[in-house]
Amino acid sequence: MTERILNFSAGPAVLPLEVLEEAREDLLSLRGTGIGVLEHSHRGKAFTAVRNEAEAAIREVGSIPDNYKVLFLQGGASLQFAMLPMNFLADGQTADYVVTGAWAKKAIKEAKSAGNAHVAATSEDRNFCYVPKEYDFSADARYVHFTSNNTIFGTQFASEPNIPDGGTLICDASSDIFSRPIDVSKYGMIYAGAQKNLGPSGVTLVIIRDDLVEAGNDALPPMLQYRTYAENDSMYNTPPAFGIYLVGRVCQWLLDQGGLTAIQERNETKAAKLYDYLETSSLFNATADADSRSKMNVTFVTGDADTDAEFIKQATAAKLDGLKGHRSVGGMRASIYNAFPSEGVDALVDFMKNFEASQG
Ligand SMILES: Cc1ncc(COP(=O)(O)O)c(C=O)c1O
């Protein structure tokens, strides 16, 4: 077998080996059809089955209520930053944003072009190392947008912000979707670029309540309206077929693992191993406040840029790849999404301990 090394990349990121092995077969011949998954017509019987199975697996794993649509879009989570205000925010109207990192800043920037974007809370005062606990929500917000996991800064909401009654909560869940149970009925819309916890880049999952689909701006070009995707089973144009296939297989894998409760338990155990060590280490420190730490992206530093660089160099040589932190935080980031193996976390902790010992 081709050698695989430990991949701590923040995204695109590690995928379940079983899924990749199955995909390798399906690339050549999808379920005995003699035609690979990349080669089938998206309107044909074989791909229609794949699409329907993908949606069914997503619905089951996320316990998605019937009054929500599951849509497959392109353009990444970044297109959602723009599509959301285009659809639901007009001149003179207000949307609330919880600004907890670089992605939230990009999201609010797009809203500013459509209407009033109000910062309901921000953690920028300490370089986004925590999740805010207090909010200043607008009385008339069209929606409240937050980022459940801040990939770059290594913070994560323990639960969704409590928004005013009757408000519409929208979540960019790109880097922690389906990493724990989620009560979809609390949300108007959840979106996620697939390339961290769900599959390959190139497909964005959008889970949206029916009344929002209806309420979207119908003067936009069809490709920018949610209703176009909702009314056409996400097949108004050629969909990101391979992405849909793989997201479906990953969600089936999640179900086979025992679903989101089991995955959450596993994710918590993995993250705790790293954070527990960071608490006792006299070389490494976690960058995020203890009550805000992400179970998906563990960010840490030594406090000395040269030592960080040496650590990353040695780790890479030891086949622990992708540990360099984002430049806005520096240091290291270990992304340990759903598919990242528990033994990989053990290997990292051992490596860190040895490195710490080698530093005297
Ligand atoms: C939380 C979050 N939102 C949005 C994005 C941007 O996603 P995309 O590259 O799919 O546009 C990322 C990418 O890393 C992310 O981590």
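Consider all pairwise Cα distances in region 17-256 and report the whole-number % of them above 31 Å. Summing the P(r) tail past 31 Å for region 17-256 gives 23 percent.
Residues with beta-carbon under 11 Å from that of A241, excluding A241: net charge, scoring Lys, Arg +1 and Asp, Glu -1? The partial results should precede the final answer.
Values: positive: R43, R51; negative: E39.
Once all neighbours under 11 Å are counted, the net charge is +1.
Among residues other than Q225 whose Cβ falls under 10 Å from its Cβ, what is the net charge (Lys/Arg +1, Asp/Glu -1)? Counting the neighbours of Q225, the net charge comes to -1. Taking 1.306 mPa s as the viscosity and 10 °C as the temperature, the Stokes-Einstein diffusion coefficient of region 1-76 based on its alpha-carbon Kirkwood radius rounds to 106 µm²/s. Of all beta bridges that DSSP places with both ends in region 17-256, some 45 percent have antiparallel geometry. Across all directions, the average projected area of the convex hull around the alpha carbons of region 46-136 is 8.2 nm².
Per-residue packing, averaged as other Cβ atoms within 10 Å, sorts the ranges 46-55, 93-102, 335-344 into the order 93-102, 335-344, 46-55, beginning with the highest. For region 259-358, the share of alpha carbon pairs falling in successive 5 Å distance bins from zero is 2, 13, 26, 27, 20, 8, 3, 1, 0 percent. Each residue of region 15-32 was assigned a 3J(HN,Hα) from its phi angle through the Karplus curve 6.51 cos²θ - 1.76 cosθ + 1.60 (θ = phi - 60°); the sequence is 10, x, 4, 4, 5, 5, 5, 5, 5, 4, 5, 5, 5, 8, 7, 6, 6, x Hz, with glycine and proline shown as x. Which whole-angstrom value gives the distance between the alpha carbon centres of region 163-188 and region 286-360? If you average the Cα positions of each part, the centres end up 29 Å apart. Most simply put, region 149-233 has about 70% antiparallel DSSP beta bridges, counting only bridges with both residues inside it. Only Lys, Arg, Asp and Glu carry charge here, each on its Cβ (+1 for the first two, -1 for the last two); on that basis the chain has a dipole of about 620 debye about its Cα centre.
Sorting 104-111, 174-181, 207-214, 163-170 by average packing, meaning the other beta carbons within 10 Å per residue, from highest down gives 174-181, 104-111, 207-214, 163-170.
Listed values for region 100-110 are Karplus-derived 3J(HN,Hα) couplings in whole Hz (6.51 cos²θ - 1.76 cosθ + 1.60, θ = phi - 60°), namely 10, x, 4, 6, 5, 5, 5, 5, 5, 4, 5, and x replaces Gly and Pro.
Bear in mind that the values in this text are calculations on the coordinates, not laboratory data. Model, not experiment: these values are computed from the prediction. No Cβ is skipped: glycine too gets one built from the backbone with ideal geometry, and neighbour counts run over all protein chains shown.
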